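Here's the structure, in structure tokens; my notes come after.
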Amino acid sequence: MSKIEKTNLEYEEKYTDMIDRLTEQLKTILPIFLEEFKDYIDPRRLEYLSDKKNVPNIIQFVDDGMGAWHYEGHIYFSKINNRICEKLKSQDEYGTQPNIKLIEPEDFINNKKDYIDYLRYWILKGLTVLDYCIDILPHEIMHLIGSSGGVIGEGSTEANTRRICQKYNIRCIPISHTKEVELVLSLENVFGIDVLTRSAFSRDFTILEREFNSLYGNQAFSREYGIVTQMYTRYQTSHLDDPIKHYQTYRKINYGSMLELLRGRREAKTQEVK
Ligand SMILES: [Zn+2]
């Protein structure tokens, strides 16, 4: 057997092992997510995911992409994560601070940490690629049960991930979608968690739009949502081959326009439409 064949075989065994470990974790925590969000989940999806025999095929590893994502009933982890992990392992500081903390418990829901901070933590703590996959699994479970993507969808998905993980002491790392979470927590402050969660699950922003416009003026929602979506989309498509550059672009996102409005620091434009 050639060296390359041997390495490939070792990786394949590793993936099978990781799929088993992640599927075990999924089996343990999925029922908690289904129970907690049953009022928001599409009934057919709720029935399908409640059936334990459907769980083993959900987790998959694939060659392309970055990080992890949900698509049509599967949670995909990119095999590229393994290459990133090998690179991080070669750093001198790898594993030198096994007890390091990334987030204090009181900052679990609302913090400014992001993936670049997490990469640093990954090196110092000496995480494995399986650790990373377990850390981000709860966010993908929220998508699996029906919480959507996009600026508001991702913010709500991650805010709800943090709340359920904190409530049930589920392992996760609350650093995904930092800026979208900040935006959604501000929206929740004004319109309530239920309106945001319902919008994220139904992909229907009608109620949010109506309430937003009644406070901030006719067309205010489509205008502000257009601005934040444009920023988010620009980041999403940038430097997909380079995680550091990708997340540096992320740090440049600024949702200030909508945030200032929500925090009452900017005048609503209600007069415009009289
Ligand atoms: Zn997501």
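The values are calculated or read from the model by the stated rules, or taken from the named source; none is laboratory data. As the structure is a prediction and not an experimental result, all values here were calculated from the model. Here the Cβ is made from the backbone with ideal geometry for all residues, glycine too, and neighbour counts use every protein chain on show.
Take Arg44 and tell me if it is surrounded by fewer than 16 Cβ atoms within 10 Å (Cβ to Cβ) and either aliphatic (A, V, I, L, M) or over 18 Å from Lys14 (Cβ atoms) (or both). Here the answer is yes, as Arg44 does meet what is asked. When Tyr76 is tested against (1) over 25 Å from Ile164 (Cα atoms); (2) of a type in the set (Ser, Thr, Tyr); (3) part of a strand (DSSP E or B), just one condition goes unmet, and that condition is (1).
Yes/no per residue for (1) touching a strand residue (DSSP E or B) at 6+ places or on another chain (Cβ under 8 Å); (2) among the hydroxyl-bearing types (Ser, Thr, Tyr); (3) under 24 Å from Asn82 (Cβ atoms):
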position: Glu224; (1), (2), (3): no, no, no
position: Thr229; (1), (2), (3): no, yes, no
position: Tyr232; (1), (2), (3): no, yes, no
position: Gln236; (1), (2), (3): no, no, yes
position: Asp242; (1), (2), (3): no, no, yes
position: His246; (1), (2), (3): no, no, yes
position: Tyr255; (1), (2), (3): no, yes, no
position: Met258; (1), (2), (3): no, no, no
position: Arg263; (1), (2), (3): no, no, no
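In the stretch 59-78, the qualifying residues are those that are buried (at least 19 other Cβ atoms within 10 Å of the Cβ) and among the aliphatic types (A, V, I, L, M), and the one that is nearest to the ligand (Cβ to nearest atom) is Ala68.
All told, Leu119 meets the bar of being part of a helix (DSSP H, G or I), away from the ligand (no atom under 12 Å from the Cβ) and more than 13 Å from the chain's Cα centre (by Cα).
Modelled with pLDDT under 95 and over 24 Å from Lys79 (Cα atoms), is that true of Val273? Considered against the rule, which asks whether it is modelled with pLDDT under 95 and over 24 Å from Lys79 (Cα atoms), Val273 comes out as yes.
Against the list (1) surrounded by 13 or more Cβ atoms within 10 Å (Cβ to Cβ); (2) touching a residue at least 24 places away in the same chain (Cβ under 8 Å); (3) among the charged types (D, E, K, R), the condition Arg171 fails is (1). Just a yes or no: is a residue in the stretch 47-69 in a loop (DSSP other than H, G, I, E, B) and touching a Lys or Arg at 6+ places or on another chain (Cβ under 8 Å)? Yes, because at least one residue in the stretch 47-69 is in a loop (DSSP other than H, G, I, E, B) and touching a Lys or Arg at 6+ places or on another chain (Cβ under 8 Å). Do we find a residue being within 21 Å of the chain's Cα centre (by Cα), at pLDDT 90 or above and polar (S, T, N, Q) anywhere in the stretch 233-245? Looking through the stretch 233-245, at least one residue is within 21 Å of the chain's Cα centre (by Cα), at pLDDT 90 or above and polar (S, T, N, Q).
Does Asn81 satisfy the criteria of being under 21 Å from Arg21 (Cα atoms), more than 14 Å from the chain's Cα centre (by Cα) and either free of Cβ contacts under 8 Å to residues at least 60 places away in the same chain or more than 12 Å from the ligand (Cβ to nearest atom) (or both)?
Criteria met by Asn81.
Could you check, for the stretch 41-57, whether at least one of its residues is closer than 30 Å to Arg251 by Cβ and away from the ligand (no atom under 16 Å from the Cβ)? Taking every residue of the stretch 41-57 in turn, none turns out to be closer than 30 Å to Arg251 by Cβ and away from the ligand (no atom under 16 Å from the Cβ). Residues satisfying the criterion are absent from the stretch 248-270 (criterion: loosely packed, with under 14 Cβ neighbours inside 10 Å, in a helix (DSSP H, G or I) and of a type in the set (A, V, I, L, M, F, W, C)).
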